[in-house]
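The values are calculated or read from the model by the stated rules, or taken from the named source; none is laboratory data. Just so it is clear, the structure is predicted and the values come from calculations on it, not from any experiment. For neighbour counting, all protein chains shown are included, and Cβ atoms are generated from backbone atoms with ideal geometry for every residue, glycine included.
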Amino acid sequence: KNVLVYRNGDPFFPGRRIVINEKKVSNFEVFLKEVTGRVKAPFGAVRNIYTPRGGHRVRQLEELQSGEQYVAGGREAFKKL
């Protein structure tokens, strides 16, 4: 799987493509750490992943669809742009 991840509330961030290798990324927590390292968010660690249109929270690795876009957020709520 590969997904495009944006920063929550940052209209100028171009997004980062993240490849999810099932051997390396065994669970959702590991994925969140990977995203944290890649997007270098000003809010610190990524705690939540949202869908960009509805702002629905993704809670499991299985919910991520390959080729889709997602928004990485910290503890703050989803910010619609």
If I ask for residues that are assigned to a loop (DSSP other than H, G, I, E, B), in contact with a helix residue (DSSP H, G or I) (Cβ under 9 Å, 6 or more places away or on another chain) and either more than 12 Å from A72 (Cβ to Cβ) or of a type in the set (D, E, K, R) (or both), which ones from segment 11-50 would you list? I20, E22, K24, V25, S26, N27, R47
Return a yes/no flag: does segment 36-47 have any residue that is modelled with pLDDT under 95, surrounded by 17 or more Cβ atoms within 10 Å (Cβ to Cβ) and of a type in the set (A, V, I, L, M). yes
Residues (within 23 Å of K24 (Cα to Cα) and in contact with a Phe, Trp or Tyr (Cβ under 8 Å, 6 or more places away or on another chain)) located in segment 58-81: V58, R59, Q60, L61, L64, Q69, Y70, V71, A72, G73, G74
Please tell me if K1 is surrounded by 13 or more Cβ atoms within 10 Å (Cβ to Cβ) and among the basic types (K, R). yes
